[in-house]
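See below for the structure under consideration.
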Amino acid sequence: MRLKFMKRMTLLLSGILYFTACNNEIEPEINIIPEGRIMLNLPEANVLTYSTATPSECYIDSLWVLEFNGTAYVHDTVIPGAGIANNGQATQMLPQIRFAPTTNRIILLANFGMHNLATIRGSVSPTNINALLPLTKPYYVEGDHLPMYGEIASWNPTGGPYDCAMIRAVAKIQLKLGETFVSYRPFTGLPDRATFLFYNYAPQGQIQPQPTVTGIPAAAPKSFTANIKLVQGAQQTLPATVYVYEYPSATKNILGTTIADNSFNIDRPFLLLADSTSSGGFYRLDFYDSHPTEKKFVDIKRNCHYIVTINKQNTAGYMPVISVLSWRDPTINNPGSNIEYIVEVRDGSNVVVSNGQYAIVCSTDTAYVEAGASNVTIATARYQLGVGMPPLAEVMNNSQYSGTPSGSMIFISPDSLTSVNQNVVITTTAAFTSGSVGFNLGNMFYNIVVLKK
């Protein structure tokens, strides 16, 4: 066994994540790459959802660094999580690593289960990674460490530094109640009497992203005994989170059948709220973009965050036609009824919150401002009306703000949203540490978190 060598790398997630490494067998001639030559950037997931990533979403159990010359395997190094300093935090470090001199392309795989590397080492190439290393864990929950993929397509050991994006191979699905949630009858709290289930998720995934959203169809729709249970009774409060593999659910159902992106289909992925009270019933929640200019079902995309917010139970949901809920019941054979919910969508440049009638469109959900700054623009914001909707004259439309300590943030503009983008402007005092700016629009509220730079 040859000597083990180490290499320092840098890894970014909303900040910079550095890694430590272990070795593997290497070629007789080798290059030692100094620390900081490779920067691994873990971007926040886009919202359709990710807000600030949690430590478990940043954690690396193991990192496999694959070296290629074109598509031919050259060498690899396994980096164990135990060797990574500050693992799961925004900044992590690992020492230097050795690369073969013929390497011109690098692929990095994190948290993919490792499989039996001895059986595929040497035969793996950039074109067969998904076939050799399928992701078979059915789904992930909070606290799990997520599979990720990164690539440096043109590697030169004397070049760089290289910024390599590490992309999570799963989507983050989050379910929550609106801040002003109301029900058609009083109760102590929805999670105390409800079960939330997730159906028709993709059974397997692929760690390497493809040019378009792909997915592995299921042999059959998930039965009511095979689902992801997000919440049951008082065991957990909302929000609830689960991570699933990507799937082109806008245009294919879970059986792989092609469907229109604006038509309901029973076999699309969906959430089910089961109200456990005697007359509560069931409510289906689809991944539907109700933004006024969209009005269509959406794909489940890797590294995206989908936030489903329930704002109101209008009346009881569907009741099953037989004692045990089955796929014949109207609960799943029809779109959700008697419940109001929104799907928050972030496309990487804007955050959109919509209830189907109107939407708040904002350029960010978090802003960083120096203390003692004057007239700083932290974002742009506007509203958008749905087709055929009347003007907002009768709808609440105002702004609110707060700073810590009190009085350390002064809100300049705008007092209310218009249909044209406006700059959101604030001033801070020397004592400022944090604050927020919020916009009310009808029954919706959107909040920008402001932090000290």
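The values are calculated or read from the model by the stated rules, or taken from the named source; none is laboratory data. Keep in mind it's a predicted model, so treat the numbers as computed, not measured. Neighbour counts run over all protein chains shown; Cβ positions are idealised from the backbone, glycine included. Ligands, DNA and RNA are stripped out before the accessible areas are found, and what is left, the full protein with its side chains, is counted by its heavy atoms. Shrake-Rupley method; radii C 1.70, N 1.55, O 1.52, S 1.80 Å.
Length gained on full extension, N156 to A431: 94.2 nm, using 0.36 nm per residue less the C-alpha separation.
Close amide H partners of S62, meaning residues 5 or more places away or on another chain with modelled amide H under 5 Å apart, are G81, N111.
The stretch between Y368 and T54 holds 111.1 nm of extra length on full extension. This uses 0.36 nm per residue minus the Cα-Cα distance. The listed peptides 131-140, 359-368, 116-125, ordered by packing as a protection proxy, come out as 359-368, 131-140, 116-125 (highest mean of other Cβ atoms within 10 Å first). The stretch between A220 and T251, if pulled fully straight at 0.36 nm per residue, gains 9.4 nm over its current Cα-Cα span. Near the amide H of G438, within less than 5 Å, lie the amide hydrogens of Q400, Y401, I448, all on another chain or at least 5 residues away, with H placed in the peptide plane. Say the cut-off is 22 Å between C-alpha atoms; which of K176/K312; K137/K172; K176/K252; K252/K301; K172/K453; K137/K295 go over it? Distance filter (> 22 Å) returns K176/K252; K172/K453; K137/K295. The simple Förster model, with R0 at 25 Å and r as the Cβ-Cβ distance, assigns N69 and N128 a FRET efficiency of 0.95. For the peptides 244-251, 404-411, the ranking by mean Cβ contacts within 10 Å, running from highest to lowest, is 244-251, 404-411. Across the protein chains, with a 1.4 Å probe defining accessible surface, the residues D286, D415 rank D415, D286 from largest area downward. Other residues within the sphere of radius under 11 Å centred on the Cβ of T251, judged by their own Cβ, net out at +1 (K and R +1, D and E -1).
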